[in-house]
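> Quick one: structure below, then a few questions.
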Amino acid sequence: MLDCIKQCPIPENEVQRLQAVRSYDILDTPPEVDFDTLTRVAAHAFNVPAAVIGLMDADRLWFKSEIGLGTQQLDRQIAFCAHAVMRPEEPLVVEDLQQDPRFLGNPLVTQLPHLRFYAGAPLIDRHGYALGTIAVVDTQPRTFSESQRALLRDLSTLAITALENRQRANRLSHLAMTDHLTGLANRVQFERTLNSELAHARRTGEPFTVFYMDLDGFKDINDTFGHFSGDEVLCEVAARMTQQIRTEDLLVRLGGDEFGIFMRQSAGASAESLVKRIMEVVSAPIMLATGDKVSIGISIGFATYSDATDSIATLLAQADQALYAIKRKG
């Protein structure tokens with residue numbers, strides 16, 4: 001094992017390569033049909049017992065898809081793919097691992113599963129970084145023709161295409177659920193989260209709280225300083241409120257000068273405490289790009305899930321009623 005550690009190579013562009021891998025937000029995600037289909041095709045096309053699509057993380061080779069190995073990841077120090085990503089321009093083929101000094105002491109060769117053959121084609125993104133490999137292995141040594149190398153390269157192209165299509169779909173989904181001005185979640189994501197959490201609360205009995213918030217005096221700022229300054233205020237208010245919520249909570253812009261929060265209940269998490277903090281930070285003066293200083297207020301109503309809650313619509317109506325009761329009191 002120590003020999004393997006000494007021999008494990010690291011690309012010169014490792015920092016940038018890791019950034020590229022993580023930009024896909026795919027590590028430790030569940031299996032997906034696009035990738036599993038490719039590994040099945042690879043195993044069948046090359047008539048091997050095992051095939052993988054692996055992403056090379058800092059200290060591990062993590063398998064987005066695997067057939068025949070029975071593990072989700074390997075220590076990078078013993079992963080054959082660590083050598084494959086060193087030469088992204090061509091597949092790495094080792095027809096007999098026991099005859100290659102780099103691998104003859106590797107525990108994957110000397111111990112179960114006693115591998116003897118490896119062929120892996122790097123997954124190259126549009127910037128030229130080797131993210132990982134699509135690879136096939138066998139417990140018997142074997143030859144690998146030029147046409148087989150070409151087929152493996154074609155499969156790597158299909159794998160990177162699946163990765164990039166997945167990334168593009170995720171970005172579009174994120175855009176569809178994001179408020180473009182503030183960068184907060186929007187009403188669509190708010191409603192999805194609430195429906196999911198309602199189902200969770202019904203199963204577990206764990207409560208949650210919904211907040212409705214409306215800025216006070218925002219129209220005066222828009223009328224006096226213009227809509228650009230109004231947008232500045234909305235972004236600043238969003239940034240200040242973001243600092244007051246926990247990572248497990250969700251702050252959203254519902255539209256105009258209306259905001260909402262989903263908050264999970266837990267020890268030390270108090271709706272009243274959060275209301276107080278938000279009111280304090282929002283009411284602090286805001287300096288505009290014009291040099292003008294403005295102040296704004298915020299009204300907040302909230303409602304907490306209970307066993308009597310029959311729907312999200314009911315809970316939101318309760319929060320809305322609480323908000324307007326506050327506004328009526330001035």
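The values are calculated or read from the model by the stated rules, or taken from the named source; none is laboratory data. As the structure is a computational prediction, the values presented were derived from the model and not from experiment. No Cβ is skipped: glycine too gets one built from the backbone with ideal geometry, and neighbour counts run over all protein chains shown.
> Count, please, the residues in region 166-183 that happen to be under 16 Å from the mean Cα position of the chain (by Cα) and touching a residue at least 60 places away in the same chain (Cβ under 8 Å).
Number satisfying all stated conditions: 3.
> What number goes with the only condition from (1) among the small types (Gly, Ala, Ser); (2) modelled with pLDDT under 95; (3) in contact with a Pro (Cβ under 9 Å, 6 or more places away or on another chain) that Ala119 does not pass?
The single condition Ala119 does not satisfy is (2).
> If you don't mind, another one. Residue check, Phe144 against (1) under 18 Å from the mean Cα position of the chain (by Cα); (2) surrounded by 15 or more Cβ atoms within 10 Å (Cβ to Cβ); (3) modelled with pLDDT of 95 or more, all met but one. Which one?
If we test Phe144 against (1) under 18 Å from the mean Cα position of the chain (by Cα); (2) surrounded by 15 or more Cβ atoms within 10 Å (Cβ to Cβ); (3) modelled with pLDDT of 95 or more, just (1) comes out false.
> Select, from Gly301, Gly297, the only residue that is touching a residue at least 60 places away in the same chain (Cβ under 8 Å) and more than 23 Å from Glu191 (Cβ to Cβ). Full working, then the answer.
Numbers: Gly301 fails: more than 23 Å from Glu191 (Cβ to Cβ).
One residue alone meets the criteria, Gly297.
> I'm trying to understand the selection: among the residues of region 245-285, which are acidic (Asp, Glu) and touching a strand residue (DSSP E or B) at 6+ places or on another chain (Cβ under 7 Å)?
Step one: of region 245-285, the residues acidic (Asp, Glu) are 248-249, 257-258, 272, 280.
Answer for region 245-285, where residues must be acidic (Asp, Glu) and touching a strand residue (DSSP E or B) at 6+ places or on another chain (Cβ under 7 Å): Glu248, Asp249, Asp257, Glu258.
Conditions (1) in a loop (DSSP other than H, G, I, E, B); (2) in the same structural domain as Glu146 (by TED's automatic domain parsing); (3) over 16 Å from Thr139 (Cβ atoms); (4) touching a strand residue (DSSP E or B) at 6+ places or on another chain (Cβ under 7 Å), marked per residue:
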site	(1), (2), (3), (4)
Gly70	yes, yes, no, no
Leu74	no, yes, yes, yes
Ala82	no, yes, yes, yes
Pro88	yes, yes, yes, yes
Gln98	no, yes, no, no
Arg102	yes, yes, yes, no
Val109	no, yes, no, no
Pro113	yes, yes, no, no
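> Let me ask something else. Condition first: surrounded by 15 or more Cβ atoms within 10 Å (Cβ to Cβ) and hydroxyl-bearing (Ser, Thr, Tyr). Now tell me which residues in region 184-228 satisfy that.
The answer is Thr193, Thr209, Tyr212.
> Regarding Met241, is this residue surrounded by 19 or more Cβ atoms within 10 Å (Cβ to Cβ), assigned by TED's automatic domain parsing to the domain that holds Phe211 and either free of Cβ contacts under 8 Å to residues at least 60 places away in the same chain or acidic (Asp, Glu) (or both)?
Numbers: surrounded by 19 or more Cβ atoms within 10 Å (Cβ to Cβ): yes; assigned by TED's automatic domain parsing to the domain that holds Phe211: yes; either free of Cβ contacts under 8 Å to residues at least 60 places away in the same chain or acidic (Asp, Glu) (or both): yes.
Yes; evaluated as a whole, the condition is true for this residue.
> Can you pull out every residue in region 71-97 that is among the polar types (S, T, N, Q) and surrounded by 15 or more Cβ atoms within 10 Å (Cβ to Cβ)?
Pass one, region 71-97, residues among the polar types (S, T, N, Q): 71-73, 77.
Correct list: Gln73, Gln77.
> Which of the following residues is at positive phi and either touching a residue at least 24 places away in the same chain (Cβ under 8 Å) or in the same structural domain as Val52 (by TED's automatic domain parsing) (or both): Gly128, Gly120? Step through it out loud before you land on a result.
On the way: Gly120 fails: at positive phi.
Of the residues listed, the single one that is at positive phi and either touching a residue at least 24 places away in the same chain (Cβ under 8 Å) or in the same structural domain as Val52 (by TED's automatic domain parsing) (or both) is Gly128.
> What is the residue count in region 3-59 for residues that are more than 17 Å from the chain's Cα centre (by Cα) and polar (S, T, N, Q)?
Looking only at that region, the number is 6.
> While we're here: What are the pairs with Cβ atoms under 7 angstrom where one residue, in region 138-160, is farther than 25 Å from Glu32 by Cα and the other, located anywhere, is small (Gly, Ala, Ser)? Sequence gap at least six, or different chains.
Phe144/Ala119
> Next up: So, Val137, is that one in contact with a Leu (Cβ under 6 Å, 6 or more places away or on another chain) and either in the same structural domain as Glu14 (by TED's automatic domain parsing) or polar (S, T, N, Q) (or both) or not?
Details: in contact with a Leu (Cβ under 6 Å, 6 or more places away or on another chain): yes; either in the same structural domain as Glu14 (by TED's automatic domain parsing) or polar (S, T, N, Q) (or both): yes.
The answer is yes for Val137.
> OK, next. Scan region 9-65 for residues that are among the charged types (D, E, K, R) and either part of a loop (DSSP other than H, G, I, E, B) or outside the structural domain of Ala121 (by TED's automatic domain parsing) (or both) and jot them down. Outline the logic, then answer.
Keep residues of region 9-65 that are among the charged types (D, E, K, R), which gives 12, 14, 17, 22, 25, 28, 32, 34, 36, 40, 57, 59-60, 64.
If the condition is that a residue be among the charged types (D, E, K, R) and either part of a loop (DSSP other than H, G, I, E, B) or outside the structural domain of Ala121 (by TED's automatic domain parsing) (or both), then Glu12, Asp25, Asp28, Glu32, Asp57, Asp59 are the ones that fit.
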